[in-house]
Amino acid sequence: MPSPATKRILAIAGLLVLALFAFYALVQLHAHAMLLLLNVLIILVLVPALLIACFIRLYALRGIIRATKIRMPLAALSAAAVLLAAYSLATGWLDQRLAARAYPGVYADCHKVWATRGLVLNRPADDSNAGNSVASVRRAFAAGARGAEIDLYFDTDLQRYVISHNRPYKRHSGELLFLEQLWREVGGTPYYWLDFKKLRHLSDADAANAVAKLQAVSAAAGTARDHIYVEGAAPFHLSLFRAAGFMTIFDIQPLEDDNVLTPLIVNLYKAIFYFGDYSVMALDYETDDGVVYGPRTRKLLGNIPLFVYHIPDDVALLRELAGLPQVRVLLDHDHGANHYRLTACTQN
């Protein structure tokens, strides 16, 4: 008969195996939005905690750490070692799965520079040259832009999409500009990057209504869903648009490239991106504190398709970034700059 200590060890080992099998089952169901954060917690918290408990229990059973002065430092060292090992294994597995993903249907044209709020003229703003207007978007497409980024809100009272960067909403000739009006007046089948403001503040019911409204508006305008990229930082609500057939942009806010915590933050974003099954990531090129999309962050993000914004108006830098295969779309920080015909075709 096994001794009581052996039984305890077998019980702990059995629990660990069950936890790992549960984790595997959840991974296979990663397309379900409600399991997204649970998967992340399992990778970064539950499995390491269980391993730590196993190590401490095994030490206690074997009488290795009876003394209080030894027990706490040894337990702390064991915890640190197990957390480091679990983190390394989890990130290695995640990188392998992301590297194997194909990303079908994601924008891959050589002309990567899109318009930011349309093409904004460099003169005092009025309704004819302001950003996020019918005129600015028309002007950008006429100048050669393949796509345009526009800012919008889903107004829960009106149950309509209002095009504006801020609240109170920007008015054009005294009137609000709605998404269906923009698409009706611009026409054609270009690409649109919809910077969805305050997506995380919507209730579940309002988020579902926003998806239904976008389906109706895009169908009426004849704008293909794979030409519509919905940007947001709210994983669950963004997944609703993905499930409805729209392309999705998971917006991330990592630290500067040289920050010591950058790898940890980027890897957490990668886990959410993977389990959310979004189309692309978006991030700043730089902030006031320094470059974000630098060499280390580029390596960490691997082949994940990226939309990069707030890029200085520097043609050499735009060409460098356009030459990276994982970078699919670029937004110049200068809304009046026209580099839409810059091509990456000859660089590949």
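None of the figures in this text is laboratory data; all of them are computed from the coordinates on show. Nothing here was measured: the structure is a model prediction, and the numbers come from that model. Please note: Cβ atoms are built from the backbone with ideal geometry, for glycine as well, and neighbour counts cover all protein chains shown.
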- prompt: Given the pairs 170/213; 198/299; 197/299, which span a C-alpha to C-alpha distance of over 23 angstrom in this model?
  reply: 198/299; 197/299
field: Local electrostatic count at residue 206 - Lys and Arg +1, Asp and Glu -1, tallied over other residues with Cβ under 13 Å
entry: +1
task: Among 332, 313, 155, rank each residue by its count of other Cβ atoms within 10 Å, from fewest to most, as a rough exposure measure.
output: 313, 155, 332
- prompt: Over segment 122-268, what is the relative contact order in whole percent, taking alpha-carbon pairs under 8 Å and six or more residues apart?
  reply: 18
query: Which of the aspartates and glutamates could a cross-linker span from residue 112 if the Cα-Cα distance has to be under 13 Å and same-chain partners fewer than 8 positions apart are dropped?
result: 149, 320, 332
Distribution of pairwise C-alpha distances over segment 113-347, 10 Å bins, in %: 7, 32, 37, 21, 3
